Every structure is written in C-alpha cells, then in structure tokens.
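What follows is a single structure, written as structure tokens, with notes after it.
The values are calculated or read from the model by the stated rules, or taken from the named source; none is laboratory data. Just so we're clear, the structure is a prediction, and the values are computed from it rather than from any experiment. Here Cβ is always computed from backbone atoms with ideal geometry, including for glycine, and neighbour counts include all displayed protein chains. Surface accessibility is based on the protein's heavy atoms, side chains included, excluding ligands, DNA and RNA. Shrake-Rupley method; radii C 1.70, N 1.55, O 1.52, S 1.80 Å.
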Amino acid sequence: MEQSSPDSPAPPHRRRHFLRWIFLLLVIYGAAGIALSWMVQHTRLRSSLTARIEAAFGRPVEVGRYSVSLLGPPRLVAESVTVAEDPRFGSEYFLRAEKLTAGLRWGALLRGKLELDTLSFTQASLNLVRSSDGDWNLAEWLPRPAVPAASSAAGNSKRAKVPQLARIEFSGGRINFKRGADKAAFALVEVSGGAEQVSPGRWQLDIEARPMRAAMPTQQAGTIRLQGLVGGTSSRLRPAEFTLDWQDAALADILRLVRGSDFGVRGQFSLSMTARTEGSGWRFTGKADLRRLHRWDLPLRPDDPAGNLSLEARWSPESSRLELTQVALDAPRSNVRAEGFLLWAWPGNADQPSSLDAGLEVHSAEIQLADVLSVYRAFHAGVADEVELRGRAGVELSLRGWPPRVERGALVLEGARLEGGSMGGPVVARHAELRLVRDAVEVPPFDVTFGSGAGSLRVAASVARQPNGESEGEITGQVEKVEELLDAGAALGWPSFHGWRYEGPARADLRWKKAAHLSWEEARGTVEFGQGLLRTSFLNQPIEIGKAHVERRAGEMRVNLESAKAFGARWTGSLSRRDAPAAWEFALSADRLDAADFDRWLNPHWQEGLLVRVLPFLASTVPSGRFPSGLHAQGSLTVEEVVLAPLVLRGLHADAALDGRRLELSKTQAQLYGGSALGSLAADFTNGSSYRVDVRFDRVNLGALSDATVTLKDRFSGSASGRIEITARGAGRAALLSGLACRGNAEITNPELRGIALDSAPPIATGGPASNFRNADAEFTCGAGSVQFQKIRLSGETQLEASGSVSFSRDLDLRVKALPPFVAEKSSRAGQILRLTGTLESPQMTRLDSAAPPR
C-alpha cells in the first residue's frame, strides 16, 4: 500500500470540505452582524447605547439609526447623531454628525458586554458657545475636578458610567463659535485628526483645520494644526501641553478672517505657539513671522520689510490676568523689547459692566531708520529707488488702560540723513526728540539742514492729545534752495503742490498759538521769497519772482508781490485768500502785455519737442484743459499797455474773475488811438480754448490806427465809433484766425482815403488825390478768413455805397457805386459800378456795367 507524500496536495474531497466550513462561518458571521444590528436598532439595547452616549456628552442625544459592522474589527455605527445644547447656551445643537462610528472590544463582546474602543466622527459640526456671563458650553460638558471620595461617592452612584475610549477621530468636521445666540462669522472647517489615550487620563492630540469666515472668500488662509498632550475630562484637560502651528497663510486673508475686511496689506504670515499648564494657570510662548509686507497695488521688492514677533506670557484664569513677561519685535536691523499685562473682569451680574485694563512698557528699542524707510517704501507709492535714510532711533513707551493710552514715552533720532535719487543734497537732522506725555506730544527745538548746509529750519511743537486741546509750534529759518526741500519730498513720493514748484531762496517765520491743529490754515507768520522761479504745469515758462511776501493771518493769507515777471510783463500787486470761502482776491498791475507772449506761455504746442514738431504722428493728442480747474479768484487788473498786433491799448483797467477754467473780464476800459474802448471778455479753457469779446469803441483816430501798420501808413484818417462782437476758438494764432467770427458796425466822422479818389470824375484808384467825406457808416461780419461788409455808406459831395470783402491778408473785393441825387440821371457816372480788387496797399479799379451780375 502506497503512503502519500507530505508535500502532495490534499485530496479534492478534503478541499471541498474545508471550503464548506469557511462558507458556513462567513454566513454565521454575516448573520450575527445582521442580528446584532437588528438588536441594537429594535431592542432595549438601543436605549442603553443612547444613554451611554448621553452620559459621555452630558446632554440629550438623538440618533437616527444604529447598525453593527463585523467586517474587520467590530464597529457600532450611529447615523444622524444630534447632541442637544444646554438651554443656558441656546436652543441650537451642541454637536451634530452625519455618522458616528465606535469600535467595539472583542473581549467585552465575548463576555456579553458592549464596550467602546475608538470613536470616529464623520462630517461633524460642533458649536462652541460663550454666554453673557463668560462661561463656555464646552467647560460645562467637561466634568468638574475631583472631589473628596466621601462626597463623590453619592454623586457617582447616580451617574451613568462614562465609556472608556481609546481614540477619538474626526473627518471633514466643522467648529462654529457663538456669543450667546449670535453666531460668529469665523469658523474652522475641514477639521481632521483625533485624540488618542496614551495612558490613563492622558490624551495625545493631533488635529488639523482650515479657518474661514462667512461671506468672505479667501485664497490662502493657511492650515492650523494642534498637537500635544492633555489630561482627561475627569481632570478638565489638565495637565496639558500643546503646540499650535498656523502655516502657509497670506496676511491679507488673515486680516479678512480676523477683521472681516481687506486693509490692502499683502505679505506672508506664520505662527507657532506653545502652551502648557503651570499650577492653576497657563504659560505661553509664541512666535509670529511676517514676510514680504507691501501695499496691495505696489510690486514686490527685494527689500520689502519682514519681522518676527515673539512673546512669553502667563495666564491666570482665577485672577483673570494675562501677564506678558517678554515681548520682542525683531526686524533685519532693528529690535524692540517690551513687557505688559492684560486684566479683565466679567461680573456675574449682567447689570454691571465688564472692565478691561492693560499695560505695556517698551523698555528697550534700537531702530535703524533704514528699516523705517523700507516699511514706508512698501506702503507708499512714488518713493525713489536710490533714496537712502540713515541714522537710528531709540524708543521708550508706556501704555496703560483700555483702549491703551500713552502715559509717557520718548522717541530720539540720532544722525538722521536722507539722500540719493534726484535730491540735490542731503536733508540732515543730527538730533531730534519727540516726547509723549499724558496730554501732549512735545517736540523740543531741533534743526534740519538742506543741501550743503547753507539753509536750515528750526522746528518745535507741542501737540495737544485731547480732542479739544490747544497745540503750539514754530518753524523758523531760511532755505537757500527751496527746490532741495521739494526734491526731498518728491523722492519720498509726496505730492508736488498740484504741479506748482518754486526754485530759489525763502525765509520762514511761522508760529502756532492755541491752535486746534498744526496746519497751514492755523499758522501765523510770514514766508518771504526772492530771486526765484515759480513753475507750474499749465505754463510753458516759469514765473520769475523778484520779491514776494506771504503773510498768514487769522483765517486769511495775503501775498504782496513786489516784483515778478510773467507773460513778458513785470507785475506788482497783492493777492489774498480767506479760508472760507476759499477764493482769491487780487489787485494786480503790469507794464506791458503782448498777445504773442500769451500764446507762447499758454499754447500746449510750445511744449512739444523738435522731433514731435517734425514728425507729429509720434505725439499723442495735444494736451487740452491743462489750465487748473480748482482755482477761483476775482479782483482788478491794470495794464499800462496791451498789444494785440497791430492794435495797442493803453491804460487798460478791468474787473477780472477766474472760476476754475473760465476767465471773465468785465467793465474793461482802455485808451485806443486817441479814443476809448469799453467791453468785456470771456474765455473758457475747459475743452480747448474759446473766447468771446464784446467791445464798444469811441472816437478812435483812424490815422493813428493805420500808422500802426507799415504798409497802411498815411492811408486813412478820421474818427471812428461803433461796436464789435468777436468769438474765437483754438490755441495759437493760426487756430484762432481759422475759427474767428465777428459782427459789428462803425460810424466814421470826416473819413479820408489817401491815394485813391473815389469821389472824383473819373475815379482814380492809385496815386490820385485823397477821397474826403463828411461821414461814413458800415455794417460788417467776419469769418472764413475775411471781413464781409454788408453795406458801407460814404457821404460827402458825392454819396457812395459799397459792399464786398477784405481778407485777413488785406486782399480787396469791393463794389462801389454813386447814389442819387448826388449823381445826375444823364451823368457819365449814373448806374456805374466800380470794382476794387488788389490789396489795401495797391488797390486796382475796374468799371462794371450796372446790369452785369456780380461774380
């Protein structure tokens, strides 16, 4: 008989027998799971399990459905779990979970007992509530500290036994925070991790979560991770030692989470904090790192500021006191050390208000001004890259109360020096102090030098810190080059006074007495300017200041202009402005104004370079409306001589008003070639430049007027009176002439046309004797480059009537005819029409048939 080898496979019938047993065990195992699920769901075991969970939470619990899973380790599954809240903290749930899974111990099951091992929450939501009297609902859930055995025995006999868990896990959870019935916008979402009991009464935590705020989207809020060891609930989580890390967070999102608003600050934020129990209190150490700080609309720079804030603190819950034993702020080249406390009281009686008290002492600080400039540059646009700020500052500060108030403090600057960029020279303050007292900020006198040191200002101030307090201050001294002071401000990104810039010396003596603010409006004193240039964006050339005196009085500023040159004229006079309303009043005089100079000063084309003039397509549209829009002024204007080539007005006087970009001259009167002129002018610089002129002239000497033009010298005489209305648009002589339009009338006494004999028989066009008339009148309009005469009537021994045009280049096209009764019916001139062509200097005459149609 053959023996089977030990390595030979089992016979087929044995394998089938083994598989049958495995199948039978699986059926029994599955049936047991179904049976247990049915027993848990439909027997008294359900209420027993619910009671155990209620004992664990100390609150009523509702469970939608129970089941038991024996796949793998045995587990009890509770679905739709809701833990009710203590009524003192509101009516909303304390904890709600989509699923609660509890691991079961095999040993207990074999003994017929149901003991929980691992508790897992899926999609759980926890509400942490703080009542009006300062209690937390979580604290009420945790059992009180241990009491003597005699007193605790009776209480424990009536309490349900709390399950002894080995591990608690969370997945996809959420923690909400509430103050009374009001839910905070801040919450923790995507809570995951758990707590594991490493020894009786000692739990190890490892939990991660992401912070969020309702209705406030974030892009990089970072991740919060809590790790450490804590005591069990029987000891109310004591002793404890844990670490909180908040990494990979954007500072903008942190501010959105904490304050609910974007303050325009960008940067990176990280936080690491350790806390451990110490007696009845807590001890904290923490460090916050800030990197790449800058304003939201400014680009990143390699020198963007960074800093570390670290602290050590002790918290005593019994005395409601937080003591900051050490606070340290470290920057690349600076450091600050401080200590302080925070004390609060939450009375049990709602009628008594809560109180807060705080204190902070900065006892050591070494600040390099280069770090100050880095912070300033990161949050202020327009700071030049080449600007450097050197020097150091020391700080001492004491804060007390809530909100914190300054009790005392001091800021001392040593060797402050600003230079670089477009600055002509350094700005230096060798020693300056700022003292903080309870009611005021005091700045003892210190000197600021500019450039080579030839100019300096002495500054002193005492600023009241009370809302209705009175401040004092003074600025005295002189600066040889004000542009160095302005360049320093421009290098730091300060505005250039709306496009105004002064270059030259200045002397200041400004003081503030019992002022609400140290502002220009409340200053009293003088500023003197001399031998300098005043530039502005809407003028092509600078105003030359010979000497000017600015005086600041109560509610008024007055400028005495002793000598200045602008628009080709020398000016004197005064300007004044009251603070309310903010409008200027002036009385100015000039010696001579030429319209051609106005064009050179105001026409934007004069600022174009040679390349743009040669290749105009390289330029953008011509700037328009550059005249300042916020300037309002009115007053009187006197000019000895005004040249509107070829016209010259003398002794012009007018009332002027400037309203933004609109200028009006009214009650204008001047002498015009032995006569007078009265009228008005309105100019609008809002969209381009447009003008409207209305002039009445009386007894103007035509001989003197024609003598102003060389080619018309000795051609006309007489005395003219009348009115003319002119409208024009554009900048520059060519644009003005192309857009010029006018209408008017004139009456002339004793007109005489020399070199042309229209009243002779026959008429002589050139070289003849003069034409003499008793009077003449004309009606005319102008446009399209010429003056159109609707009717000219010349009365004398012969009465003539003319019509036609004279172009701006003096080309003639006139028709003249004699009128009865000065012409006999059978006279050779009856019905005869003369046509004058050529130029005013050389007219040509052609006889036309009266029946011939006009051309």
Q | Residues in region 652-686 that a label on Ser537 would reach, taking backbone N under 11 Å of a point 7 Å out along Cα→Cβ | A | none
Q. What is the calculated FRET efficiency for Ala682 to Thr223, with r their C-beta to C-beta distance and R₀ = 56 Å, to the nearest 0.05?
A. 0.20
Q) To the nearest 10 square angstrom, how much accessible area does Ser706 have with a 1.4 angstrom probe? A) 10
Q: Find how many whole Å separate the alpha carbon centroid of region 429-471 from the alpha carbon centroid of region 660-720.
A: 57
Q | Accessible area (Å², per residue) of region 370-504, counting only protein heavy atoms and a probe of 1.4 Å | A | 53
Q.
Ignoring ligands, DNA and RNA, please state the percent of accessible area on region 668-729 from carbon and sulfur, probe 1.4 Å.
A. 55
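Contour minus end-to-end for Glu503 and Lys547, with contour as 0.36 nm per residue of separation and end-to-end as the Cα-Cα distance?
Numbers: separation 44, 0.36 × 44 = 15.84 nm, distance 1.28 nm.
Computed gain between Glu503 and Lys547 is 14.6 nm.
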Q: Run the quick spin-label model on Ala741 and Ala454: label points 7 Å from Cα toward the beta carbon, then report their separation in nm to one decimal.
A: 5.7
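For Asp86 and Val710 in the same chain, what is the full-extension length gain: residue separation times 0.36 nm, less their Cα-Cα distance, in nm? Don't jump to the answer; show the numbers that get you there.
Values: separation 624, 0.36 × 624 = 224.64 nm, distance 10.83 nm.
Taking 0.36 nm per residue and subtracting the Cα distance, the gain is 213.8 nm.
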Q | Accessible-area composition of region 202-331, carbon plus sulfur, in percent [1.4 Å probe] | A | 54
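Would you please give the FRET efficiency between Arg699 and Thr638, computed as 1/(1 + (r/R0)^6) with r the Cβ-Cβ distance and R0 = 30 Å, to the nearest 0.05? Kindly include the intermediate steps, with their values, before the conclusion.
Details: r = 22 Å, r/R0 = 0.75.
The calculated FRET efficiency here is 0.85.
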Q | Arg847 versus Glu366: modelled label distance in nm, points set 7 Å from Cα along the beta carbon direction | A | 11.3
Q | Extension reserve of the Arg238-Val258 stretch, reckoned as 0.36 nm per residue once the Cα distance is removed | A | 4.3 nm
**Q.** Accessible area of region 349-423 belonging to carbon and sulfur atoms, whole % at 1.4 Å probe
**A.** 55
Q) Which distance in nm do the two modelled labels at Ser319 and Glu801 give, with both placed 7 Å along the Cα-to-Cβ direction? A) 11.6
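Suppose all protein chains stay in the model; what accessible area per residue would a 1.4 Å probe give for region 668-820, in Å²? Could you put the intermediate results ahead of the total?
On the way: 7530 Å² over 153 residues.
In whole numbers, region 668-820 has 49 Å² accessible per residue.
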